[in-house]
Amino acid sequence: MKRSHVGIAKPHAADEGVDSSRLVARHSYPPRFAAPECNCGAAANVLSDVYSLGKILDALTRGCADDRDLAAIIARATAFKPADRYPACDALSKDV
């Protein structure tokens, strides 16, 4: 199993062949950190993890020096459309 496919939640639907026995099927987040699709009742997946991590990064860095690179990373991680987000948590981590 590739590490990049493992997240807090279950793998993205496109991640076939991933051993889901080690993964949590659903995860609840406070509404301000939950991905839009999760707030509408969809199951959590790696892309929703990326969104939540982006929101956490935004909360932790709010008020820090203005950094365009960081703002771009947060914007990509918290994109409304899942397809516009980082494909996995390790890709987000690499940019951070």
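Below, the figures for the structure above:
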| quantity | calculated |
| --- | --- |
| Residue-span extension gain [K81 to C40] - 0.36 nm each, minus C-alpha spacing | 13.4 nm |
| Charge sum, other residues only, whose C-beta stays under 14 Å from A79's C-beta, Lys/Arg counted +1 and Asp/Glu -1 | -1 |
| Backbone HN-Hα couplings from phi across region 76-91 [Karplus 6.51/-1.76/1.60, Hz, Gly and Pro as x] | 5, 5, 9, 4, 4, 7, x, 5, 8, 8, 4, x, 7, 5, 5, 5 |
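Since every read-out is calculated from the coordinates, none of them should be taken as a lab result. Here the structure is a predicted model, which is why all the values come from computation and not from measurement. Backbone-built Cβ (ideal geometry, glycine too); neighbour counts: all protein chains shown.
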